[in-house]
Amino acid sequence: MERKIRIAIADDNSFLIKAVSEKLSFFDDLESRFFAFNGQEFVEKLKANPAIDVILMDIEMPVMNGIEATAWVKKKYPQIKVIMLTVFDNDENIFKAIKAGADGYLLKEIDAKELHDGIVETLNGGAAMTPSIAMKTLRLLRNPMEINDVSEKEEVRLSEREIEVLEQLSKGLSYTLIAENLILSPSTIRKHIENIYKKLQVHSKIEAVQKAKNNNWI
């Protein structure tokens with residue numbers, strides 16, 4: 001008889017750990033070894049029991065999140081496969097998880113059969129991904145500029161007025177026309193544009209508009 005696939009789970013939600021464990025229990029070739037409620041606890045448990053084939057890793061966890069824990073695992077035990085199992089499919093999490101070394105990315109709503117197939121596929125050198133995640137990953141790869149902007153999405157804060165100015169700029173309007181449309185003076189428009197350039201770290205209208213579109217601000 002072939003050895004069972006040894007699995008560990010990291011998730012701060014005990015209900016979800018139970019739900020995932022139940023899905024795994026349907027299959028004779030899978031064996032759940034241990035679970036932990038945060039990344040730090042998981043790291044300690046893995047040090048004591050490193051004989052694991054696949055980790056199902058949540059992202060949003062206290063003390064040490066899943067992305068930090070994945071980076072640690074991949075440095076210390078590169079042979080262990082890590083599948084992110086999360087409710088989030090936003091671009092920033094996908095990009096950071098892949099960068100940290102994640103081997104797959106599945107959403108928690110996945111059914112038991114798909115989870116099993118994803119685990120086996122990943123162990124065989126594939127990359128298990130929920131279709132929506134795969135599409136987003138392809139888009140990130142096709143648009144490297146979006147990848148560069150991912151970490152900035154949280155940090156850049158444009159005012160409503162600045163977004164209005166950007167929208168007008170994207171239509172190719174002159175400063176004078178923008179000033180008329182927004183009932184402001186041309187010098188005020190110039191000041192807003194100066195601030196926009198500074199915040200977005202760009203040097204031209206084209207760059208500013210492109211970055212705003214990439215971030216879905218306009």
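The values are calculated or read from the model by the stated rules, or taken from the named source; none is laboratory data. Computed from a predicted structure; not experimentally measured. Cβ sites come from the backbone with ideal geometry, for glycine too, and all protein chains shown count toward neighbours. Accessible surface areas use protein heavy atoms only, side chains included; no ligands, DNA or RNA. Shrake-Rupley method; radii C 1.70, N 1.55, O 1.52, S 1.80 Å.
Mind checking the angle between helix 112-123 and the chain's longest principal axis? C-alpha axes, 0 to 90 degrees, to the nearest 10. Relative to the chain, helix 112-123 is tipped by roughly 90 degrees.
Summary of the geometry: the range 162-197 and the range 67-137, compared by the centres of their Cα atoms, lie 43 Å apart. Taking Lys and Arg as +1 and Asp and Glu as -1, the other residues whose beta-carbon sits under 13 Å from that of L182 total -1.
Between their Cα atoms, which of K75/K136; K113/K136; K171/K199; K75/K99; K81/K136; K4/K113 are more than 19 Å away from each other?
On the way: K75/K136 26 Å; K113/K136 23 Å; K171/K199 21 Å; K75/K99 12 Å; K81/K136 21 Å; K4/K113 16 Å.
Distance filter (> 19 Å) returns K75/K136; K113/K136; K171/K199; K81/K136.
Our coupling estimate for the range 182-197, obtained by passing each phi through the Karplus curve with A = 6.51, B = -1.76, C = 1.60 and θ = phi - 60°, is 9, 6, 9, 7, x, 5, 5, 4, 4, 5, 4, 5, 4, 5, 4, 4 Hz, Gly and Pro reported as x. Evaluating 6.51 cos²θ - 1.76 cosθ + 1.60 at θ = phi - 60° for every residue in the range 207-218, the Karplus couplings come out as 4, 4, 5, 4, 5, 5, 5, 4, 8, 6, 7, 10 Hz, glycine and proline recorded as x. Amide H contacts for Y105 (H built 1.01 Å from N in the peptide plane; partners 5 or more residues away or on another chain; cut-off under 5 Å): M84, A128, M129, T130.
On average, how much accessible surface per residue is there in the chain, in Å², for a 1.4 Å probe, leaving out ligands, DNA and RNA?
Working: 11710 Å² over 218 residues.
Solvent-accessible surface per residue comes out at 54 Å².
Count charges around G101 for me, please; just the other residues with Cβ under 13 Å from its Cβ, Lys/Arg as +1, Asp/Glu as -1. So the surrounding residues net to +4. The residues neighbouring V63, those whose beta-carbon lies less than 10 Å from its own, together hold a net charge of -3 under the Lys/Arg +1, Asp/Glu -1 convention. In order along the range 68-82, the phi-based Karplus estimate (6.51 cos²θ - 1.76 cosθ + 1.60, θ = phi - 60°) of 3J(HN,Hα) comes to 5, 5, 5, 4, 5, 4, 5, 6, 8, 10, x, 6, 6, 7, 10 Hz; Gly and Pro are listed as x.
Residues whose amide H falls under 5 Å from that of E60, counting only those 5 or more places apart or on a different chain, are G66, with hydrogens built in the peptide plane.
From Cα pairs below 8 angstrom and at least 6 apart in sequence, can you work out the relative contact order of the chain, rounded to a whole percent?
On the way: 300 pairs, mean separation 29.6, N = 218.
It rounds to 14 percent for the chain.
Of all the accessible heavy-atom surface of the chain, with the other protein chains kept in place and a 1.4 Å probe, what percent is carbon and sulfur?
Answer for the chain is 54 percent, counting heavy atoms of protein chains only.
With a ≥ b ≥ c the root eigenvalues of the C-alpha gyration tensor of the range 1-90, is it rounded (a/c under 1.5), prolate (a/b larger than b/c) or oblate? Oblate, because a/c is 1.5 or more while a/b does not exceed b/c.
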